[in-house]
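Participant: Input: one structure, supplied below.
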Amino acid sequence: MMAQLDSTTRRVLLKQTGIGLGSLALTSLLDEAISADVVSHHAAKAKRVIYLFMHGGPSQLDLFDHKPKLRKRHGDELPPSVRGDQRLTGMTSGQEKKPVTASLFSFEQQGQSGAWISELLPHTAKNVDELCIIHSMHTEAINHDPAVTYLQSGHQQPGRPSFGAWASYGLGSENRDLPAFMVMISDGSAARPADPLYARLWGSGFLPSNHQGVALRAGKDPVLYLSNPPGIDTASRRDQLNVLSALNRKQAALQQDPEIQTRIAQYEMAFRMQTSVPDLVDVNSESKATLDAYGPQAQQPGSFARNCLLARRIAERGVRFIQLYHRGWDQHYNLPSDLRLQCQDVDQPVAALINDLKQRSLLDETLVIFGGEFGRTTYSQGSPTATNYGRDHHGRCFTMWLAGGGIKPGIVYGETDDFCFNVARDPVHVHDLNATLLHLMGVDHTRLTYRFQGRDYRLTDVHGKVVKGILA
């Protein structure tokens, strides 16, 4: 048997399996065409998404949601009538006192919108009239993993497809040489252990696996196992894939397993990425002015600044969903010093990204999102001092902002109470946000479904409504 395999040429093998080179090329194109059940329920305002995820829960009280009245109540006990039945984490549920803690940072009204922005975000402040700032976000989750999973997949339990996977499945890709969903991760400058980020957060769940996010890394190989090993050139790799594709198609015909077709498509995508990815991550063609705009860390691979620059390069290549994670926002203690460091990481690059997209006429069709999985408590974790405090997790109200892609610019939506503990007006739930984002991408969130284990699933589960007040 071994001798027979050794004497079988690639041409004979292809002939025996009934697939020639021309047929291989044709079926490869067909695979790309049917890899997603492309939907379009109405005209899309956003062709793509750049999701800037501040992992850990940024403090809305110290960045966006200005509460000057708290200064008069600083140190007072949070009234039980304000707290109500809100669940607290195990880190402060047993804390005897819950002292109201005003922000240490100053705020100023910015732009024509008059939105209040913290001194920690001077570059963002200059772009405030491009932003729609939502103060009334809320979620039921109070710990990191379920909260991030909820926002990213519409469910607190793992196993569901991520937002980017749904976007890939529903809308496909505009670039055959790059995946529809790409992910980058950077560590913050705050000296604290980073909460884990699991690959399932950009996974495909029960959707076909070609819709999962592809992570770009900062090392020599931006995508693991993409480069050819020593002794293998492009022509040899192409020959191997042709044979492998023929074998996989024969197996698919026997087993009728759609995941085999997915595997074939992924091999072909990986082959094309051997050329497209090195060109993508090579920023030498960028002007000095552009690099300077993103800040000094733009030259450092793996930094948030570099990832923001790459996000713009990815966006202009037609990738559907681009996710940037920046870690280190979990300030249970030393908030003033650590939050300052975190903002120094992201403020200038985010502003540069907005300006860069706008200058290249990409912002109108690119939806940019900034925020984390929840906010922080108005009371201090532990006893505050004149210069230091921390804040626990808070899902009852937090702030996110959106820009571009069909969003009404220069507005503040929603309002919290004087303690920044509860939503006072125009609440926006996690499912409402996701429904709105899909709407801007031309998708009715109730109609983008996938049947799994006998029922139809969707990103927003059985909830969610489009927030029409933030649409342009």
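Participant: Counting Lys and Arg as +1 and Asp and Glu as -1, what is the net charge of the other residues whose Cβ lies under 12 Å from the Cβ of T89?
Facilitator: Details: positive: R87, R376, R391; negative: D330, D392.
Here the charged neighbours net out to +1.
Participant: Which whole-angstrom value gives the distance between the alpha carbon centres of region 389-456 and region 316-376?
Facilitator: Between the Cα centre of region 389-456 and that of region 316-376, the gap is 17 Å.
Participant: Let a ≥ b ≥ c be the square roots of the eigenvalues of the Cα gyration tensor of region 154-306; is it rounded (a/c under 1.5), or, if not, prolate (a/b larger than b/c) or oblate?
Facilitator: Here region 154-306 falls in the oblate category.
Participant: Around H463, with a cut-off of 13 angstrom between Cβ atoms, what is the net charge of the other residues, counting Lys and Arg +1 and Asp and Glu -1?
Facilitator: -1
Participant: Starting from the Cα gyration tensor of region 332-399, take the square roots of the eigenvalues, sort them a ≥ b ≥ c, and report rounded, prolate or oblate (rounded when a/c is under 1.5, otherwise prolate if a/b is larger than b/c, else oblate).
Facilitator: Judged from the Cα gyration tensor, region 332-399 comes out oblate (a/c at least 1.5, b/c at or above a/b).
Participant: If r is the Cβ-Cβ distance from R360 to T89 and R0 is 45 Å, what FRET efficiency results, to the nearest 0.05?
Facilitator: Values: r = 43 Å, r/R0 = 0.95.
That gives a FRET efficiency of 0.60.
Participant: Could you tally the net charge around Q110, taking each other residue with its Cβ under 12 Å from the Cβ of Q110, Lys/Arg +1 and Asp/Glu -1? Before the final figure, lay out the partial values.
Facilitator: Numbers: positive: K126; negative: E108, E119, D129, E130.
Here the charged neighbours net out to -3.
Participant: Kirkwood-based Rg over Rh for region 291-374 (C-alpha set), two decimals? Working shown, then result.
Facilitator: On the way: Rg = 13.5 Å, Rh = 13.7 Å.
On the Cα set of region 291-374, Rg over Rh gives 0.99.
Participant: Would you mind putting 370-383, 265-278 in packing order, based on average other-beta-carbon counts within 10 Å, highest first? Please list the in-between numbers first.
Facilitator: Working: 370-383: 25.6, 265-278: 17.1.
Highest to lowest by the protection proxy: 370-383, 265-278.
Participant: Further question on the same structure: Answer rounded, prolate or oblate for region 37-168, using the Cα gyration tensor with square roots of eigenvalues a ≥ b ≥ c: rounded when a/c is under 1.5, else prolate when a/b is larger than b/c, else oblate. Working shown, then result.
Facilitator: Working: a/c = 2.74, a/b = 1.30, b/c = 2.12.
Cα axes put region 37-168 in the oblate bin.
Only the coordinates and a few stated rules stand behind these numbers; no lab work does. Not measured: the values here are computed from a predicted model. Please note: Cβ atoms are built from the backbone with ideal geometry, for glycine as well, and neighbour counts cover all protein chains shown.
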